[in-house]
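Enquirer: My structure is below; once you've seen it, I'll send some questions.
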């Protein structure tokens, strides 16, 4: 079973003016798709050909000889999760269970925002900022390149891509502006609530 590029959960222009259709054209249509094509080429005729994405990630994580497989599989997973971490007319303060849990574990929504912005801004080079559930507590994490929380036994609730291709066409080198826009205009708290409920 070859993997396929998952469709975006909204139209390509649905996140404008914050993230342009041009960015999604490249980011989803080229970058995300290339990870799918690469992984399919790497696992064809192997003992992983019928595995799920999660199984492949767990199977090869930490194996230097399988770094290419890990990077491409993890990037397919990360990007699919990232698209759902945003929505048209998103952003702002959360509601529901995730709001209460943020207050409980961070002290306030503002404290969470500070931690999340810091994670995104201080991830040197390419990577991701995450809101995760770790042993029942919310934490903000950052990972480099294709790394992701599941290999550390954490449950991802939200992610923000801070690879340059995620924001460069719209924000150039202004990563902090992209991070603020993600939180204020794009973040999908419904998705975080779903992931919390299923954790």
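Enquirer: Looking at region 27-48, can you tell me whether even one residue there is assigned to a loop (DSSP other than H, G, I, E, B) and either touching a helix residue (DSSP H, G or I) at 6+ places or on another chain (Cβ under 7 Å) or under 29 Å from residue 168 (Cα atoms) (or both)? Talk me through it step by step, then tell me what you get.
Expert: Just the residues of region 27-48 that are assigned to a loop (DSSP other than H, G, I, E, B), to begin with: 44-48.
Checking the rest, the ones that are also either touching a helix residue (DSSP H, G or I) at 6+ places or on another chain (Cβ under 7 Å) or under 29 Å from residue 168 (Cα atoms) (or both) come to 48.
Looking through region 27-48, at least one residue is assigned to a loop (DSSP other than H, G, I, E, B) and either touching a helix residue (DSSP H, G or I) at 6+ places or on another chain (Cβ under 7 Å) or under 29 Å from residue 168 (Cα atoms) (or both).
Enquirer: Within region 174-193, how many residues turn out to be closer than 16 Å to residue 102 by Cβ and touching a helix residue (DSSP H, G or I) at 6+ places or on another chain (Cβ under 7 Å)?
Expert: 6
Enquirer: Now, a different point. On the given criteria, is residue 81 part of a helix (DSSP H, G or I), under 21 Å from residue 175 (Cβ atoms) and touching a residue at least 24 places away in the same chain (Cβ under 8 Å)?
Expert: Yes: the conditions hold for residue 81.
Enquirer: Would you please name the residue that is surrounded by the most Cβ atoms within 10 Å (Cβ to Cβ), looking only at residues in region 135-150 that are in contact (Cβ under 8 Å) with a residue 24 or more places away in the chain and under 14 Å from the mean Cα position of the chain (by Cα)?
Expert: Taking region 135-150 as the starting set, the residues that turn out to be in contact (Cβ under 8 Å) with a residue 24 or more places away in the chain are 137-140, 145-148, 150.
Retained after the next criterion (residues that are under 14 Å from the mean Cα position of the chain (by Cα)): 140, 145-148, 150.
On the way: 140: 21, 145: 17, 146: 22, 147: 19, 148: 24, 150: 17.
Here the residue is 148.
Enquirer: Please go through (1) in a helix (DSSP H, G or I); (2) buried (at least 20 other Cβ atoms within 10 Å of the Cβ); (3) without any contact (Cβ under 8 Å) to a residue 60 or more places away in the chain for residue 194 and return the number of the only condition it doesn't satisfy.
Expert: Every condition holds for residue 194 apart from (2).
Enquirer: While we're here: With the condition kept exactly as written, say whether any residue in region 95-106 is outside the structural domain of residue 147 (by TED's automatic domain parsing), within 18 Å of residue 142 (Cα to Cα), assigned to a helix (DSSP H, G or I) and out of contact with any helix residue (DSSP H, G or I) (no Cβ under 7 Å at 6 or more places or on another chain).
Expert: no
The values are calculated or read from the model by the stated rules, or taken from the named source; none is laboratory data. The model shown is predicted, which means the values in this text are computed figures rather than measured ones. Every residue, glycine as well, gets a Cβ built from its backbone with ideal geometry; the counts of neighbours run over all protein chains shown.
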